[in-house]
Structure formats: C-alpha cells, structure tokens
1. Leaving ligands, DNA and RNA out of it, report the carbon-plus-sulfur percent of the accessible area of the stretch 55-201 at a 1.4 Å probe.
2. Show me 68-80, 102-114, 173-185 ranked by packing, highest mean number of other Cβ atoms within 10 Å first.
3. Taking Rh as the Kirkwood radius, which is the inverse of the mean 1/r over Cα pairs, what is the Rg/Rh value for the stretch 143-197?
4. Highest mean first, how do 58-67, 202-211 rank when packing is the count of other Cβ atoms within 10 Å averaged over residues?
5. Identify all aspartates and glutamates with a Cα-Cα distance to Lys171 below 19 Å; exclude those on the same chain that are fewer than 8 residues away in sequence.
6. Multiply the residue gap between Tyr139 and Asp57 by 0.36 nm, knock off their C-alpha separation, and tell me the result in nm, one decimal place.
7. Work out how much length Glu212 to Asn167 would gain on full extension: take 0.36 nm times their residue separation and subtract the Cα-Cα distance, in nm to one decimal.
8. Straight-line reach from Lys201: which aspartates and glutamates have a Cα under 12 Å away, not including same-chain ones fewer than 8 places off?
Amino acid sequence: MARRALTTTVATLSATAVLLLTACGGGEGTQSDDIKGAGTGANSPSASPSAASGRPDVSLPSDLKVEFDITKPSDTRHAAALDSAEKYILALNHGITAQDPDDPAYQFYSLGNATKYAKSQIQAWVGDDWTATGTDSYYQGRTDDVGKSDGVLVTMCRDQGKFYGKNVETKKIRYTKQSLNDFQEFRLLMKPPQESQKVWKVLQIEVQGRVEDCRR
C-alpha cells in the first residue's frame, strides 16, 4: 500500500524539550553528534544550494512540489530556526525521491530522534517501492521560545491532500480521496547552531494526524 504521508510519531515537546536542549548544549558549544526556504508566500526551490554554502542538495523532481506559505518571523533567531525546519522537511522529501535512507541532506539538518525519524520514513517508502509526487503544502506556521533554553519550537500545519505515492517500477500513482486524514500538525524542536556550524537543527519532531484546526 502506498505511503502518502509521513507516519505519525508520538513525542513530548514540553518540559522535556528544555531538558533535551540543555543536555545537548543549548548555546554555543562543542558539537559531537554523528549523526522550500523560509520566507513569505509559497516557496519551491528548483536548484541546489551553492557549493560555497556547504549545504546539501535538497532539490526535488519536477513532479513534486513542497510549498511553504509561512510568514518569516521578524526575530532573526526564529527566522533561522524556521528556515532549517523547512529545509529538514525538504530534505526528507529529497531522501524519498532519491530513494536513499542514508541521504546526507536530512542528516545535515537534524540530530538524535529527528535523524532516526527521517531515516525510518525514507526506509518505509523505499522498502515498499514508492516515491512521492504531487504537492506537499505547509502553512499556519508559528515559532516559540522553549522555556529558558536557547531552543525554538516550530509549529506548522500540513495539507497532503494532493501528495501521492508513485510506484518506482510501474510509475503508477495511487490517488486517494481527500479527508481529515490529509491534515496534520508538525512540531519541530530546533537546536541553535554550534560553533562554526551556522545552522539550526531539528532535535525532535512530533506529527499529529487528523487535525481539524489545520483543515482549510
């Protein structure tokens, strides 16, 4: 059966978030983990970042669009956190279309549980011989400080009503009827840049399904 959605995961992003950020180093410090851009209006990147930026390719095939209709926050920290949250979602879709569970893109924008989540999602699609096509839409974005830590919680709605699975071999698309199942809420716990990294990373992700408040 085609997977036309990122599987819902259960996580607690409240008081635990502060502990996670503290344990991983909330501010500038050493980082030892191995483990469509932000802005106003819909964004759908068609080219990879410049080599000089040192950032991975998150471009997508022409038959798949990932749109973000989210206003960029005036706070520079929040704007940077939102940008990386969006890049993480783009990277996840890039891994699905590249059919690569070890794709470096999602690893660049994530740590810990968020890295494991992205890999498991990509593996599920690849294991069932499916890739993604259509339009994956995100909107109603919000950013909030996490307690007294330096972290930021990014929240956004998702409409996957026009986001479909496509069989890798036959190219057959599995269309589905739109329903409340298409509306989700994403909550991404963002960790600040560490030393020379200059990029926020997703530390933990929660995806809540069948969210009536996200219906539009």
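The values are calculated or read from the model by the stated rules, or taken from the named source; none is laboratory data. Computed from a predicted structure; not experimentally measured. Neighbour counts are summed over all protein chains in view; Cβ atoms, including those assigned to glycine, are modelled from backbone coordinates with ideal geometry. Areas reflect the complete protein model, heavy atoms only, side chains present, ligands, DNA and RNA absent. Shrake-Rupley method; radii C 1.70, N 1.55, O 1.52, S 1.80 Å.
1. On the way: 2750 of 6060 Å².
Accessible surface attributable to carbon and sulfur in the stretch 55-201 totals 45 percent.
2. Descending mean neighbour count gives 102-114, 68-80, 173-185.
3. Working: Rg = 17.8 Å, Rh = 14.5 Å.
That ratio is 1.23, to two decimals.
4. 202-211, 58-67
5. Qualifying aspartates and glutamates at Cα under 19 Å: Asp63, Asp100, Asp128, Asp129, Asp136.
6. Extending this stretch completely gives an extra 27.2 nm.
7. Full extension of this stretch gives 13.2 nm more.
8. The qualifying aspartates and glutamates are Asp33, Asp83, Glu86.
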